[in-house]
Amino acid sequence: MARFLEELSKPGTTVIAAAAAIGVSSAAIYQRRGRDEAFATAMDDARASARRSDPGGPI
């Protein structure tokens with residue numbers, strides 16, 4: 001899942017794209033998110049990192 005989180009932390013990357021990059025479905029990602037609180041937090045952190053890194057994104 002580290003590879004998924006790395007992909008998700010890239011600006012403009014969606015959960016669907018990050019999941020596809022590692023060969024899993026977005027449904028599998030959301031299922032894990034629902035049962036694994038640490039993973040859910042890591043996803044939120046990766047998304048926040050992507051927003052901070054996006055030069056065209058919100059400040």
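The values are calculated or read from the model by the stated rules, or taken from the named source; none is laboratory data. Just so it is clear, the structure is predicted and the values come from calculations on it, not from any experiment. Heavy atoms of the whole protein, side chains included, go into the accessibility calculation; ligands, DNA and RNA do not. Shrake-Rupley method; radii C 1.70, N 1.55, O 1.52, S 1.80 Å.
A few points about this structure:
- Angle between the chain longest axis and helix 37-53 axis [Cα atoms, degrees, rounded to 10]: 20
- Cα gyration tensor category, rounded, prolate or oblate, for region 1-52 with a/c compared to 1.5: oblate
- Accessible surface of the chain [probe 1.4 Å, protein heavy atoms]: carbon and sulfur percent: 53
- Using the 1.4 Å probe convention, the accessible area of the chain works out to 64 Å² per residue with neighbouring protein chains retained.
- Principal-axis tilt of helix 26-35 within the chain, Cα atoms, nearest 10 degrees: 80
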